[in-house]
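Just below is one structure, and these are the notes that go with it.
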Amino acid sequence: MPPLHAPFPRANGTGETTLTGLRPASTRAQPADADSSLHYFQNCTHVEVLGTQGAQPLASWKVTGPSKALQKVFDRSCKSYVFALGSTGLKLQTPVDGRSSLGLAHPFLVIQALVGDGQHVTLELLLTDSKAARRRVILSTVFSEAKATALHCQVPLSIIPNKWTTLVLPMARLASLTSRGAVFKCLDAMTLSGSCSLRRIFTLRDPPHTSLVYPATQAPQHTLQQQQQQQQQQHATPVGGMGGAGRSDEVLPLPKGMELPVELDAHMQVVDTASLA
């Protein structure tokens, strides 16, 4: 695999910013400072961190592990291309150099994935709080219980196998797991490993339009269709207490273009860390 460049955000005119489709690092423009980068991201409704479109969708990611363990395939149920991760030894990391910061300030991180029977996934997040302290949060289907120290915590995940899941992670709450009172500032880096089908990773400025919240260790029992029907009846009630402003004039739980097909038997799981604190 050819050398990969560190990410540079680009606005696409639709309220979305993408980290894919990058120019060479030598000609890449940079924000004046970290604060201007955070302000830039906060003005967007969502930021796509990983997608499957374009000639080099993994341009901002470092891939390590078996070369045949990562493939881009067309998924008929999703009506789109997805990444098939086929080995527990496979790792996807961004930023590439491990020293730069993504500077993603949105309070929600969203992952769309399908985990099969016997498969496991692990997501490692490096966060910075308002006091400039870096904190590491590791979420995994391998973990059976939560553990936390001053700068590190592990969070168990339970995901229904063989079903597409939109996993929503509240960054502020994850940051507070390592230290009470810690205030989330930005997401610096992330590493994804394991075996699954991966459609997209993105951030959200506002909470998803769903009132269904599940503990990290409890898998959801509602399909995305049922959630959307429930939202219509409830006038799209936003998640309470999750931070960010929710609007009640939309039915779809995610921004246009980010949602899974309505007819797909899929689930949305908003990880509630209250039981882990």
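The 3J(HN,Hα) values that the Karplus relation (6.51, -1.76, 1.60; θ = phi - 60°) gives for region 67-79 are, in residue order, 5, 8, 7, 10, 9, 9, 10, 8, 9, 5, 5, 7, 6 Hz. Gly and Pro appear as x. In sequence order, region 162-177 has phi-based couplings of 6, 10, 5, 10, 9, 9, 10, 10, x, 5, 4, 6, 5, 4, 6, 5 Hz under the Karplus curve 6.51 cos²θ - 1.76 cosθ + 1.60, θ = phi - 60°, and Gly or Pro positions carry x. Net charge of the neighbourhood of Thr166, taken over other residues with C-beta under 12 Å away and scored Lys/Arg +1, Asp/Glu -1, is +2. Using a Förster distance of 25 Å, how high is the FRET efficiency between Lys256 and Asn43, based on the Cβ-Cβ distance and rounded to 0.05? In this case the efficiency is close to 0.90. Highest mean packing comes first when the peptides 188-197, 88-97 are listed by Cβ atoms within 10 Å, giving 188-197, 88-97.
Run the numbers for Glu145 and Gln56: contour at 0.36 nm per residue of separation, minus the present Cα-Cα distance, in nm.
28.3 nm
Cross-link pairs exceeding 22 Å between alpha carbons, from the set Lys62/Lys185; Lys185/Lys256; Lys68/Lys91: Lys62/Lys185; Lys185/Lys256.
Send over a whole-number figure in Å² for the accessible area per residue of region 62-119, probe 1.4 Å.
Solvent-accessible surface per residue comes out at 49 Å².
The values are calculated or read from the model by the stated rules, or taken from the named source; none is laboratory data. Please read these numbers as outputs of a predicted model, since none were measured by experiment. Cβ atoms come from the backbone with ideal geometry, glycine included; neighbour counts cover every protein chain shown. We work out accessible area using only protein heavy atoms, side chains counted, and drop any ligands, DNA or RNA first. Shrake-Rupley method; radii C 1.70, N 1.55, O 1.52, S 1.80 Å.
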